[in-house]
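Novice: One structure, as structure tokens, below. Some questions next.
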Amino acid sequence: MKLESYVRPAGLEEALAVLAEPGVKPLVVAGGTDLIPMMRKMRTNGTLSNGDGPHVVLDLSRLDDLCGIREADGMLEIGAATTMSVIAAHPSVKKYVPVLAAAAVSVGSPLVRNRATVGGNLVTASPSADTAPPLLAADAVLRLAGAEGGPRELPLTEFFVEYRKTALQPGEIVTHVLVPLAGRPIAGRFEKVGLRNADAISVVCVACEIELDGLTCRAARIGLGAVAAVPIRAVAVEAALRGREITEDVAAECARLVHQHISPIDDVRASAQYRGWVAEAVVARMITDTAREAGA
Amino acid sequence: MMGAGETPEYKVIGRGVPRHDARDKVFGQTKYADDFVAPPGTLCAKVLRSKYAAALIVSIDTSRAEAMPGVHAVLTAKDVPHNETTSKFGQTHSAGGGFEGLYRVVADGKVRYMGEAVALVAAETLAQAEEAARAVEVVYDPQPGVFDPVEALKPDAYRVGEEDSNVVCAYKVRKGDVEAGFAQADVIVEGEYRVPFGDHTYLEPESGMAWIDEDGVLTIRASTQVIEHFRDVADIMGLPHNRVRVIAPMLGGGFGGKEDITVEAYLALLAYKTKRPVRLTYTREESILAHSKRHPYVMRYKTGATKDGKLVALDVDLVSDAGGYPFLSPWVLLYSVVMATGPYNVPNVRVDGISALTNNTFTSAYRGFGAPQVCFAYESQMDELAKKLGLSPLELRMRNYLHTGDELGTGYALESAVLTDETAQRAWDALGEPTKPRSPDEVVGRGIASGMQSYGRLVYLHDSSRAYVGFELDGSVVVRSGVQDIGGGQTSSIAQITAEILGVPMDDITVYFGDTALTPLAGTTTATRMLYMSGNATLKAARAVREAIVAQASEMLEVDAERIDLVDRMVCVAGDEQKSLPIVDVVQACASLGVSISNLAQFNAPSRDLEESDYVIGQIHPDYTFGTHAAEVAVDTKTGKVTVLKLVAAFDVGQSINKLSAEGQLEGGTVFGVGYGLLEDVKMDHGRTVTSALDTYLVPTAADMPDVLPIMLESRGGKGPFGAKGIGEPASTSGAPAVTNAVADAIGVRLKELPVTPERILTALREREEAIR
Amino acid sequence: MDMQEIEIQVNGRPMSTTVAVDETLVDVLRYKLGIIEVKNGCGQGDCGACTVLLDGEAVNSCLTLAVQADGHRVTTTKGLGTAEDPHPLQTAFIEHGAVQCGFCSSGMILAAASLLQQNAAPTREEIREGISGNLCRCTGYTKIVDAIEEAAQARLPEERSA
């Protein structure tokens, strides 16, 4: 990486133009809460000032087009540069996608939340990105924009390609996160298991949304983080729940299927074994609690 | 000294007065070591550290680095006048017996831990210094190394140092006859306990600046707990002691991690070589990598008791990991061996402790200094025993606490007040009604742990402290003492003591501190000794000044000295409100008459010499502080996560000098306990620090803690000023086992390794489920 | 590399300097502008010692590029109050013994100020949540929570809002 210059575009068009310039390697930044720790590691390794890599820091944090939340065309439209603090407190988010509000308030610390953005969280594509599980559970769609052609939309389920790699094409950025409003609010839960209560990277992160007729599951969506190379949906669990009346036993039985999807690792925070136990236990508990709360 | 039962009336002692340093800190005025303006021409230092935990250094080529832009010096071992010294670690007395040890500035021919300094660079900018450090070509011959102290003790183990053995030291305590004791026991509990490396995680990383002043004196300003290291720096440089000056500004925390030399020697060498000021501030990652760690221990305990719950025998084996260099490992092990019994009266004791070198990061002083490790073991044992005996944890302890006059394992009879019983009862009672579980997945438990911890240094070290107290001609007061203020109110306390004795408001007192050139040396800020030592020295000096003032006032007012008191800047006479004088008038009269209005006093702690003996015998420390922690926790049985619901810290502080500061030590020390018990673990993989930053080495945040309820007993039976006892370390000794005992109570399984993490809890719960099936 | 001229309003005073793109706000404040009351404890957003108010919001200045602060307002503890005219939080911290080594205090007070702006009457639990990004190794947090609770109860004058 060799950072040579800094550009703070006034509008989206200008930002996309910079991204499309040939020979310019842009490093896109919004809140900087992932970027700067990364730069720090590179500085320690001595790779921060090497010739290769991004040259221009492109700051999207002030783009009005990308900040803010509104309801439009049957969608909750969240600007990619909206901070976790704003998302956590926003009445529309709390009303329509409370699992996202819960996730946003669990990221880092209050200080980090005032800068960290949902776009940054998703684009960094850490397996433990905390906004990914609830947005996967909410069937969110991303709006992407590049200099060529118009914007395109991509379901979040197709966004995480492999470990820390997304489906973004060169010159593309995420501009908005869209959640369909139809049928909302939907009963759901979010649970983050970390090693301490604040400023903790998830060891296991789970979110669910369950559409219920009484206690019978019409549809379920379960998002998981920190238990595979990318954030995932536990589709086997979802399929098993469909049409079933949810009891504690049914929840436990379906939750066992989560192991078809997760491939947790041993790392400094936890072992694969622990992550597997907790993923299953939290999914089971979450299904039961969601049903009970909705039924009440 | 007050007797027990008398409640003295002090003017300021014991009150919760705002600290003078708190004001400057809150308004952003305080300068810590990295906050001083660097004079023009100041160079930036960078330390090149070893890539390997164990390796021979085949060659070092600094030529490329030296030629790089902005580089003024690249130094290796050959450039250090005396790269190896025998350090007394801040003490004045040569005690012998392994209490002095090798201090090596830069690796020479061999590296013994990852993070050991290999070369030093000074350049015009930090980036240039970092690049130059990377350009130093070191050829290593990696060696297998040894990473477990038990392995390191085996005869064919890799030799970490230059000696034939990896043994750093070994101590034995014997009391009575353990075999006979166990024969009497109705119940015996055995356990092996393990505790990990710990990082101090002071908020302020190591930092300093060095320069040669206008008189040619090598001056180092550094965030250090020990300005007495000026002697070691002088020896390293080959300079007379009076040509090296060390200044300690306010520190952003120490906890023992800034007790050894950190940046001072590097800065001295580079400043001397380049003839320029040089500055160095560690990054957090460098701090975690390079400075001392808390000793990991393997502890085997065997405890026997009669069915009446009386302890009859204790058998202990301790192995500590000294890391790559001994540093204070002998001292720490000695503390552990002496306090291995805990605050309990055990008639038959055998303790064997041994410390071994490994190629892990070197271990040294860390708040508690060997006492928290054994406290985890003996307090876990007590709960296990209680369970087997069918007694409550509190009741078993009550039947065994030491009291004044009882003997430790070494045979030393406790002289001062011992109120452990009362601290335990009050801590337990303060937990109140048990909290109900908040969900079917949750279990709640409670636990207590009592501890003992010394204050004041080992008596073998012949410790002393000095303070100067004097009036200025306008009635304001100056205190000069080499006190290093690490945040515990070390300077504020001596101002408060002076205010009490001289009858002036605290705001009338300026404390000059932490400067080997200008302040009489107070000794190290370590071993919970500052209040005891510099407090007593200040008390002595202030009393001498008071005596002179009172004598002069007595003449001026023509009344007996016994009727005179100094209150609020006035000389007052008991029983005669008309007769009074401003103190300043007396001060000026003294000055004119040639009567001294200042005093430099020295306070000596009890001292002994090391005897020729296989065993540790008699008095090892000046005194001990006793207390109890109580905790209530909730455990989520599906994830293993622990929520700490309630915390109580009940201690006999003897006499609090500043009530808020004393409570602050109880509360802060308790959080160290929670961290040790649940969160903190410096993970090392073959000598490589895996938890390299604060996102992986976890200390408690405000969201991880409940309120801590401090309960202060004041026996006035300590050896410090006004009967005070030291509290800084004692407050941190028993926190962890209180929490882990609560966890054991909640889940019905005892974990014997710290930290008690959610994963370890869940694993234990599942293993028990399996076993039941 | 491009050196960029930036101007930041620090505690109401415009200050300008030249920075490299990869310099963080904390380093520029401390070493180029002499704003030493902002501390650097970890450099990657884990400790909160570097907390400043950026346009009134509490952030880690170590996680902000200096260039990103160009044209914006930075408030430090000196901007909240002084010895002559202290902010209620500052007074409360002093009086409650919520300051020991003091290295976390500047950042902690700003995080608390930011919390009280959003929530004028927080519970003790909300206070703990609000300062959960600011590590303290000395106090155990209890007296810090006491101080913030008291400051919340004191009348906060209008002009205090950052």
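Novice: Looking only at helices (runs of 4 or more DSSP H) that fall completely inside the stretch B:329-404, which ones have 1 or more residues that are of a type in the set (Lys, Arg) and in the same structural domain as B:Thr628 (by TED's automatic domain parsing)? Don't jump to the end; show me each part of the working.
Specialist: On the way: elements: B:329-338, B:371-389, B:393-398.
Passing ranges, in order: B:371-389, B:393-398.
Novice: If B:Gln588 satisfies all but one of (1) away from every other protein chain (no Cβ under 14 Å); (2) polar (S, T, N, Q); (3) within 23 Å of the chain's Cα centre (by Cα), what's the number of the condition it fails?
Specialist: Unmet condition: (3).
Novice: Ok, one more. How many residues are touching a residue at least 24 places away in the same chain (Cβ under 8 Å) and either away from chain A (no Cβ under 14 Å) or not charged (D, E, K, R) (or both) when one looks only at the stretch C:18-30?
Specialist: To start, the set of residues in the stretch C:18-30 that are touching a residue at least 24 places away in the same chain (Cβ under 8 Å) comprises C:19, C:21-29.
If we keep only those that are either away from chain A (no Cβ under 14 Å) or not charged (D, E, K, R) (or both) too, we end up with C:19, C:21, C:24-26, C:28-29.
Qualifying residue count for the region: 7.
Novice: Here's another thing I want to ask about it. Specify which of the listed residues (B:Leu394, B:Leu318) is free of Cβ contacts under 8 Å to residues at least 60 places away in the same chain, touching a helix residue (DSSP H, G or I) at 6+ places or on another chain (Cβ under 6 Å) and crowded, with 24+ Cβ neighbours inside 10 Å. Full working, then the answer.
Specialist: Values: B:Leu394 fails: crowded, with 24+ Cβ neighbours inside 10 Å.
Matching residue, one of B:Leu394, B:Leu318: B:Leu318.
Novice: On to the next question. Within the stretch C:49-79, take every residue that is crowded, with 24+ Cβ neighbours inside 10 Å and facing chain B (nearest Cβ under 9 Å) and give me the one that is nearest to B:Lys25 (Cα to Cα).
Specialist: C:Thr77
Novice: Condition first: part of a loop (DSSP other than H, G, I, E, B) and either modelled with pLDDT under 95 or within 8 Å of another protein chain (Cβ to nearest Cβ) (or both). Now tell me which residues in the stretch C:99-119 satisfy that.
Specialist: Taking the stretch C:99-119 and keeping what is part of a loop (DSSP other than H, G, I, E, B), we get C:99-104, C:119.
If the condition is that a residue be part of a loop (DSSP other than H, G, I, E, B) and either modelled with pLDDT under 95 or within 8 Å of another protein chain (Cβ to nearest Cβ) (or both), then C:Val99, C:Gln100, C:Cys101, C:Gly102, C:Phe103, C:Cys104 are the ones that fit.
Novice: Same structure again: Is it fair to say B:Gly90 is under 29 Å from the mean Cα position of the chain (by Cα), under 30 Å from B:Tyr301 (Cα atoms) and either assigned by TED's automatic domain parsing to the domain that holds B:Thr62 or small (Gly, Ala, Ser) (or both)? Even if it seems obvious, please write down each step before you answer.
Specialist: Working: under 29 Å from the mean Cα position of the chain (by Cα): yes; under 30 Å from B:Tyr301 (Cα atoms): no; either assigned by TED's automatic domain parsing to the domain that holds B:Thr62 or small (Gly, Ala, Ser) (or both): yes.
No; evaluated as a whole, the condition is false for this residue.
Novice: Of all residues being surrounded by fewer than 16 Cβ atoms within 10 Å (Cβ to Cβ) and part of a strand (DSSP E or B) in the stretch C:1-17, which is farthest from the other protein chains (Cβ to nearest Cβ)? Just the residue, please. Write out each step before concluding.
Specialist: So in the stretch C:1-17, the residues surrounded by fewer than 16 Cβ atoms within 10 Å (Cβ to Cβ) come out as C:1-3, C:5, C:7, C:12-14, C:16.
Narrowing the set further to residues that are part of a strand (DSSP E or B) leaves C:3, C:5, C:7, C:13-14, C:16.
Numbers: C:Met3: 10, C:Glu5: 11, C:Glu7: 14, C:Arg13: 14, C:Pro14: 19, C:Ser16: 16 Å.
Among those that are surrounded by fewer than 16 Cβ atoms within 10 Å (Cβ to Cβ) and part of a strand (DSSP E or B), it is C:Pro14.
Novice: Shifting gears a bit: Working carefully through the options C:Gln153, C:Gln117, find the one that is under 15 Å from the mean Cα position of the chain (by Cα), surrounded by fewer than 18 Cβ atoms within 10 Å (Cβ to Cβ) and of a type outside the set (A, V, I, L, M).
Specialist: Numbers: C:Gln153 fails: under 15 Å from the mean Cα position of the chain (by Cα).
Checking each option against the conditions leaves just C:Gln117.
Here's the yes/no breakdown for (1) more than 9 Å from every other protein chain (Cβ to nearest Cβ); (2) in a helix (DSSP H, G or I):
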{"site": "B:Tyr615", "(1), (2)": "yes, no"}
{"site": "B:Ala631", "(1), (2)": "yes, no"}
{"site": "B:Lys638", "(1), (2)": "no, no"}
{"site": "B:Thr643", "(1), (2)": "no, no"}
{"site": "B:Gly654", "(1), (2)": "yes, no"}
{"site": "B:Glu663", "(1), (2)": "no, yes"}
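Novice: Being more than 10 Å from chain C (Cβ to nearest Cβ) and either closer than 23 Å to C:Ile6 by Cβ or of a type in the set (A, V, I, L, M, F, W, C) (or both) narrows it down to one residue among A:Leu27, A:Leu12; which is it? Walk me through how you get there before you give the answer.
Specialist: Values: A:Leu27 fails: more than 10 Å from chain C (Cβ to nearest Cβ).
Of the residues listed, the single one that is more than 10 Å from chain C (Cβ to nearest Cβ) and either closer than 23 Å to C:Ile6 by Cβ or of a type in the set (A, V, I, L, M, F, W, C) (or both) is A:Leu12.
Novice: Residues in the stretch B:574-586: is at least one surrounded by fewer than 17 Cβ atoms within 10 Å (Cβ to Cβ), part of a helix (DSSP H, G or I) and assigned by TED's automatic domain parsing to the domain that holds B:Arg480?
Specialist: Yes, there is a match, as at least one residue in the stretch B:574-586 is surrounded by fewer than 17 Cβ atoms within 10 Å (Cβ to Cβ), part of a helix (DSSP H, G or I) and assigned by TED's automatic domain parsing to the domain that holds B:Arg480.
Novice: Kindly indicate whether any position in the stretch B:653-671 is small (Gly, Ala, Ser), touching a strand residue (DSSP E or B) at 6+ places or on another chain (Cβ under 9 Å), within 30 Å of B:Arg768 (Cα to Cα) and at pLDDT 95 or above.
Specialist: Narrowing the stretch B:653-671 to residues small (Gly, Ala, Ser): B:654, B:656, B:661-662, B:664, B:668-669.
Narrowing further to those that are touching a strand residue (DSSP E or B) at 6+ places or on another chain (Cβ under 9 Å): B:654, B:656, B:662, B:664, B:668-669.
Pick out the ones that are also within 30 Å of B:Arg768 (Cα to Cα) and you get none.
Checked the stretch B:653-671: no residue is small (Gly, Ala, Ser), touching a strand residue (DSSP E or B) at 6+ places or on another chain (Cβ under 9 Å), within 30 Å of B:Arg768 (Cα to Cα) and at pLDDT 95 or above.
Novice: Further question on the same structure: Filtering the stretch B:208-252 down to residues that are among the β-branched types (Val, Ile, Thr) and within 20 Å of B:Pro81 (Cβ to Cβ), which residue is farthest from the other protein chains (Cβ to nearest Cβ)? Steps first, answer last, please.
Specialist: So in the stretch B:208-252, the residues among the β-branched types (Val, Ile, Thr) come out as B:212, B:217, B:219-220, B:224, B:226-227, B:233, B:236, B:244, B:246-247.
Restricting the remaining residues to those that are within 20 Å of B:Pro81 (Cβ to Cβ) gives B:212, B:217, B:219-220, B:233, B:236, B:244, B:246.
Working: B:Ile212: 23, B:Val217: 26, B:Thr219: 20, B:Ile220: 20, B:Val233: 24, B:Ile236: 28, B:Val244: 26, B:Val246: 19 Å.
Out of the qualifying residues, it is B:Ile236.
Novice: Go through (1) surrounded by fewer than 24 Cβ atoms within 10 Å (Cβ to Cβ); (2) within 17 Å of the chain's Cα centre (by Cα) and name the single condition B:Lys683 misses.
Specialist: Answer for B:Lys683: the failing condition is (2).
Novice: Out of (1) in a loop (DSSP other than H, G, I, E, B); (2) within 14 Å of chain C (Cβ to nearest Cβ); (3) more than 30 Å from C:Ile109 (Cα to Cα), what's the single condition that is false for B:Thr30?
Specialist: (3)
Novice: Give B:Val312, B:Val319 a once-over and let me know the one that is more than 20 Å from the chain's Cα centre (by Cα), within 26 Å of B:Glu729 (Cβ to Cβ) and not in a loop (DSSP other than H, G, I, E, B).
Specialist: Values: B:Val312 fails: within 26 Å of B:Glu729 (Cβ to Cβ).
Matching residue, one of B:Val312, B:Val319: B:Val319.
Novice: Is one or more of the residues making up the stretch B:719-731 more than 14 Å from chain C (Cβ to nearest Cβ), modelled with pLDDT of 95 or more, in a helix (DSSP H, G or I) and crowded, with 24+ Cβ neighbours inside 10 Å?
Specialist: Taking the stretch B:719-731 as the starting set, the residues that turn out to be more than 14 Å from chain C (Cβ to nearest Cβ) are B:719-726, B:730.
Checking the rest, the ones that are also modelled with pLDDT of 95 or more come to B:719-726, B:730.
If we keep only those that are in a helix (DSSP H, G or I) too, we end up with B:721-723, B:730.
Now restrict to residues that are crowded, with 24+ Cβ neighbours inside 10 Å: B:721, B:730.
Checked against the condition, which is being more than 14 Å from chain C (Cβ to nearest Cβ), modelled with pLDDT of 95 or more, in a helix (DSSP H, G or I) and crowded, with 24+ Cβ neighbours inside 10 Å, the stretch B:719-731 yields at least one hit.
Novice: Take the residues in the stretch A:273-296 that are away from every other protein chain (no Cβ under 11 Å) and free of Cβ contacts under 8 Å to residues at least 40 places away in the same chain, then tell me which one is farthest from A:Val227 (Cα to Cα).
Specialist: Top of the filtered list is A:Ala296.
Novice: Going by the structure shown, is B:Thr740 polar (S, T, N, Q) and either within 14 Å of chain A (Cβ to nearest Cβ) or in a loop (DSSP other than H, G, I, E, B) (or both)?
Specialist: Details: polar (S, T, N, Q): yes; either within 14 Å of chain A (Cβ to nearest Cβ) or in a loop (DSSP other than H, G, I, E, B) (or both): no.
Spelling it out, it is not the case that B:Thr740 is polar (S, T, N, Q) and either within 14 Å of chain A (Cβ to nearest Cβ) or in a loop (DSSP other than H, G, I, E, B) (or both).
Novice: Mind listing just one residue for me: the one in the stretch B:686-712 that is away from chain C (no Cβ under 13 Å) and over 23 Å from the mean Cα position of the chain (by Cα) and, of those, surrounded by the most Cβ atoms within 10 Å (Cβ to Cβ)?
Specialist: Result: B:Gly687.
Novice: Every residue in the stretch B:466-497 that is outside any helix (DSSP H, G or I), under 21 Å from B:Ala222 (Cα atoms), in contact (Cβ under 8 Å) with a residue 60 or more places away in the chain and not charged (D, E, K, R), please.
Specialist: B:Gly482, B:Gln484, B:Ile486, B:Gly487, B:Gly488, B:Gly489
Novice: C:Cys138 versus (1) within 17 Å of the chain's Cα centre (by Cα); (2) modelled with pLDDT of 95 or more: which is the lone unmet condition?
Specialist: It fails just one condition, (1).
Novice: I'd like to check something: does the stretch A:205-223 contain any residue that is surrounded by 15 or more Cβ atoms within 10 Å (Cβ to Cβ), out of contact with any Asp or Glu (no Cβ under 8 Å at 6 or more places or on another chain) and over 23 Å from A:Leu241 (Cα atoms)?
Specialist: Checked the stretch A:205-223: no residue is surrounded by 15 or more Cβ atoms within 10 Å (Cβ to Cβ), out of contact with any Asp or Glu (no Cβ under 8 Å at 6 or more places or on another chain) and over 23 Å from A:Leu241 (Cα atoms).
Novice: Could you please find all residues in the stretch C:31-48 being within 8 Å of another protein chain (Cβ to nearest Cβ) and not in a loop (DSSP other than H, G, I, E, B)?
Specialist: none
Novice: Can you confirm whether B:Val168 is in contact with a Pro (Cβ under 7 Å, 6 or more places away or on another chain) and among the β-branched types (Val, Ile, Thr)? It would help to see each step written out before you state the result.
Specialist: Details: in contact with a Pro (Cβ under 7 Å, 6 or more places away or on another chain): yes; among the β-branched types (Val, Ile, Thr): yes.
For B:Val168, the condition - in contact with a Pro (Cβ under 7 Å, 6 or more places away or on another chain) and among the β-branched types (Val, Ile, Thr) - is met.
Novice: For the stretch B:665-685, give me each residue that is of a type in the set (Asp, Glu) and within 12 Å of chain C (Cβ to nearest Cβ).
Specialist: Pass one, the stretch B:665-685, residues of a type in the set (Asp, Glu): B:667, B:680-681, B:685.
Scanning the stretch B:665-685 gives B:Glu667, B:Glu680.
Novice: Within the stretch C:130-149, restricting attention to residues that are of a type in the set (Gly, Ala, Ser) and facing another protein chain (nearest Cβ under 7 Å), which residue is nearest to B:Leu709 (Cα to Cα)? Let's see the steps before the verdict.
Specialist: Residues of the stretch C:130-149 that are of a type in the set (Gly, Ala, Ser), as a first pass: C:130, C:132-133, C:140, C:147.
Checking which are facing another protein chain (nearest Cβ under 7 Å) leaves us with C:130, C:132-133, C:140.
Working: C:Gly130: 21, C:Ser132: 20, C:Gly133: 23, C:Gly140: 11 Å.
Within the stretch C:130-149, the match that is nearest to B:Leu709 (Cα to Cα) is C:Gly140.
The values are calculated or read from the model by the stated rules, or taken from the named source; none is laboratory data. Keep in mind that this is a model prediction, so the values were computed, not measured. Here the Cβ is made from the backbone with ideal geometry for all residues, glycine too, and neighbour counts use every protein chain on show.
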